[in-house]
1. Spin-label point model (7 Å from Cα, Cβ direction): what's the ASP77 to LYS24 distance in nm?
2. Which residues' amide hydrogens lie under 5 Å from the amide hydrogen of ASN42, considering only partners 5 or more residues apart or on another chain, with H built in the peptide plane?
3. Could you calculate the contour length gain from LEU60 to THR40, that is, 0.36 nm times the residue separation minus the distance between their Cα atoms, to one decimal place in nm?
4. Express in nm, to one decimal, how much length is gained between GLN33 and ARG130 on full extension, taking 0.36 nm for each residue of separation and deducting their alpha carbon distance.
5. For region 26-31, take each phi angle, set θ = phi - 60°, evaluate the Karplus expression 6.51 cos²θ - 1.76 cosθ + 1.60, and give the result in whole Hz per residue in order, putting x for glycine and proline.
6. How much accessible surface does SER31 have with a 1.4 Å probe, in Å² rounded to 10?
7. Taking a probe of 1.4 angstrom, what is the accessible area of VAL59 in Å², to the nearest 10?
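The values are calculated or read from the model by the stated rules, or taken from the named source; none is laboratory data. Fair warning: this is a prediction, and the values are worked out from it, not measured in the lab. Note: ideal-geometry Cβ built from the backbone for every residue, glycine included; neighbour counts use all protein chains shown. Note: accessible area is taken over every heavy atom of the protein model, side chains too, but ligands, DNA and RNA are not part of it. Shrake-Rupley method; radii C 1.70, N 1.55, O 1.52, S 1.80 Å.
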Amino acid sequence: MQFSTPELSEIFGLDRNRVQGWLKAGWITPSIQQAKGTGTRNVFSLEDAYIFGVFVQFVLLGYDLGDAAVLTSAVEDKGVSYYASKGTKFIYDSHKYPAGKMSGMGGSISSRTAEEALRLSAVNIAEVKRVVDEWARVNK
């Protein structure tokens, strides 16, 4: 199953220009086809759509784009389907992984204020998968 940029924008209720900006900056990358100029399209796989949804959820929780990308890469390592099959909510605990101590997660989280350091963030990976699958069932 394949998805376009407008479809990902629709699934997650985002402005297409915002998604285009993330593509241009390299925060998200399609695995099937990257647009190479006028008249070409980005084509995303089903797993890309799931990973995109996880990234969006971290952004909506207030993480900056770089931190959202680092956290998403931790999920991407095993894949959304793996975590969703277990009903996993991916938890980022900033006490366990303080700023700069995100070992094995593909990067480091920038410094945070004391208030931010107390925050726990949860992304329901199974729900992200369900939303994408339901949209695809109805629209594909």
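1. 3.3
2. Here the answer is THR5, ALA35, since their amide H atoms fall under 5 Å of that of ASN42.
3. On the way: separation 20, 0.36 × 20 = 7.20 nm, distance 2.91 nm.
Gain on extension, LEU60 to THR40, equals 4.3 nm.
4. Gain on extension, GLN33 to ARG130, equals 32.5 nm.
5. Each residue's phi maps through the Karplus curve to give x, 6, 10, 9, x, 8 Hz.
6. Its heavy atoms expose roughly 80 Å² to the probe.
7. Solvent-accessible area, nearest 10 Å²: 20 Å².
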